Amino acid sequence: MAMLCYNFRKRSDKQKGYKVKKTVKSFKNILLKIFVKILRYFIKQNTIQERFLVVSTTGLGDTLWGTPSIRSLREQYPKGYIAVLTSHIGKELLENNPYINDLFLLKKPIITSLISLYSKLKKKKFSYILFFHSSQRIVLPFVYLLGAKKIIGTEGSNKGLDSLMTHLLPKKPQHEIVRRLEIIAALIGKKPAHHRIEIALSEQDKKNALPLIDHLQDHIHPCILLHPGSKDIFKRWPSSHFIALGNLLSTQHKCHIFITGNQSEKELVLQIASNIPNSTSLIDLPLKTFAALIQNMDLMVCNDTGPMHMAFAVKTPTIAIFCPTNPHLCGPYAVKDYTVIAKKKTCSPCLQKKCANPFCMLQIGMQEVYEAVLHQLCKSEKFALKSLRKLS
């Protein structure tokens, strides 16, 4: 009997020990599962990365129109890889943009450049290609060959190659900034929050602009930048009007007048500057230096041109002259402190780039622009105390 009780106790102790071991093992398994799940989560976060290629290979304005979309994309995918296939102008503008990982430069000749870029881009294994804008027909077939699961763009903007898009958005009469934002909205499933164009200026960019204004004897009077050029002649306000405006602002209000342009506009800039005493002419500045100069101005007067968008990006008050282009499609958007002076086309059909004498621009008189300048200056805190009595 005693032996039986002993064996029973021994068996009971073994069962208790087994239960304890089982409980400990179960607890270890729970800990192991938790650890593995946590590890898997972090491994997944670090290895599965959405990869985006933005295509924007044209000019200054086109590049800046895409910046709100790029920022919205980054905020939706903070750990994603975002690259931009762009032009020389685009590369200069987008360098140091905090929302972009890489810039790929499309050079001339285009086909040779694309061939050299193919293996680099293919290795990136892009998940999505966002086709903002390109004037080169070959670019869309090229990016199609990269094998992204989605290529998103707008119908009618692809040189007759819409069928190469996997996701095609309907064309609408809307601002170019909005068109690009809708590409992002189609991807993320909601309207992006950001609409304002941006330029990332470094401290060095800002320092580079300072010598351009150091010659001024005072900074009390307004600094006015006149940008009379544009790539398309049909968008240009007459040079005689810029001269008359500059002289009036200089003589009547002691404004410091700056006239700017690129190398192709050198003759136009020098002609206007030579007819405005004490004005400063600046030609072919690096884009970031030019943007920093605009940022130092109290006001800019310009046609529908790329530097107009730089003024919007750096928040400089602007008088924008439009005809025959439509400011609702390519003018200011989500910005403050601007005045658009726009007139309707006088010719039907409009010859646009074939037009050598834009008569429609003559509808916009110097006096109308002059009054807009005074009104805009008087809205500024810097000149508020001067009042219209002194400025007009």
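The numbers here are math on the coordinates, done by the rules we state, and not lab data. Since we're looking at a predicted model, the values are computed, not measured. Here Cβ is always computed from backbone atoms with ideal geometry, including for glycine, and neighbour counts include all displayed protein chains.
Here the extension length gained between K190 and E50 equals 48.6 nm, from 0.36 nm per residue of separation less the Cα-Cα distance.
Would you work out if the range 51-188 is rounded, prolate or oblate? Take a ≥ b ≥ c from the square roots of the eigenvalues of the alpha-carbon gyration tensor; rounded if a/c is under 1.5, else prolate when a/b is larger than b/c, oblate otherwise. Let's see the in-between values first.
On the way: a/c = 1.21, a/b = 1.07, b/c = 1.13.
Judged from the Cα gyration tensor, the range 51-188 comes out rounded (a/c under 1.5).
For D218 and L351, the FRET efficiency from 1/(1 + (r/R0)^6), where r spans their Cβ atoms and R0 equals 35 Å, is about 0.15. Placing a label point 7 Å from the Cα of K207 along the Cα-to-Cβ direction, the residues of the range 270-306 whose backbone N falls under 16 Å from that point are 289, 292-293.
Expressed in units of 2.2 N^0.38 Å, where N is the residue count, the Cα radius of gyration of the range 232-363 is 1.04. Sequence-distant contacts, meaning Cα pairs under 8 Å at least 6 residues apart, place the relative contact order of the range 51-188 at 26 percent.
How long is the gain from S239 to K122 if the chain were fully straight, where each residue apart is worth 0.36 nm and the alpha carbon distance is subtracted?
On the way: separation 117, 0.36 × 117 = 42.12 nm, distance 4.87 nm.
Here the segment from S239 to K122 would lengthen by 37.3 nm.
Using a Förster distance of 22 Å, how high is the FRET efficiency between I138 and D162, based on the Cβ-Cβ distance and rounded to 0.05?
Values: r = 15 Å, r/R0 = 0.70.
The value I calculate is 0.90.
With R₀ fixed at 22 Å, the C-beta to C-beta distance from Q252 to N326 puts the FRET efficiency at about 0.10.
Please arrange T260, T58 by how many other C-beta atoms lie within 10 Å of their C-beta, fewest to most.
Working: T260 26, T58 19.
Taking fewest neighbouring Cβ atoms as first place, the list is T58, T260.
Just rank H133, H175, fewest to most, by other beta-carbon atoms within 10 angstrom. Write down the numbers at each step before the final one.
Details: H133 23, H175 20.
Ascending Cβ contact count within 10 Å gives the list H175, H133.
Counted as membrane-span-like here are DSSP H helices of the chain whose alpha-carbon atoms extend 30 Å or more along the helix's own axis and whose Kyte-Doolittle mean is -1.0 or above; these are 2-47. Here the Karplus relation 6.51 cos²θ - 1.76 cosθ + 1.60, evaluated at θ = phi - 60°, turns the backbone of the range 80-97 into coupling constants of x, 9, 10, 10, 10, 8, 9, 8, 4, 4, x, 4, 5, 6, 8, 4, 6, 5 Hz, with x for every Gly and Pro.
Using helices alone, I'd like the mean residue ellipticity at 222 nm for the chain: each DSSP H run of four-plus residues gives -39500 (n - 2.57), total over residue count, nearest 500. Spell out each step's value before the answer.
On the way: 15 runs with 173 residues, N = 392.
Counting only the DSSP helices, I get -13500 deg cm²/dmol.
Structural descriptor for the chain: relative contact order 13 percent, calculated from alpha carbon pairs under 8 angstrom and at least 6 residues apart.
Rank by packing, highest mean first: peptides 333-340, 176-183, with packing defined as the count of other Cβ atoms within 10 Å averaged across residues. Walk me through the intermediate numbers first.
Numbers: 333-340: 16.2, 176-183: 21.6.
Put in order of decreasing packing, that is 176-183, 333-340.
For the range 114-184, what is the relative contact order in percent, using Cα pairs closer than 8 Å and at least 6 residues apart in sequence? Spell out each step's value before the answer.
Working: 81 pairs, mean separation 20.8, N = 71.
In percent, rounded to a whole number, it is 29.
Relative intensity of the chain on a log10 scale, I(q)/I(0) at q = 0.07, 0.11, 0.13 Å⁻¹, equals -0.43, -0.86, -1.11, per a Debye sum over C-alpha point scatterers of equal strength in the absence of solvent.
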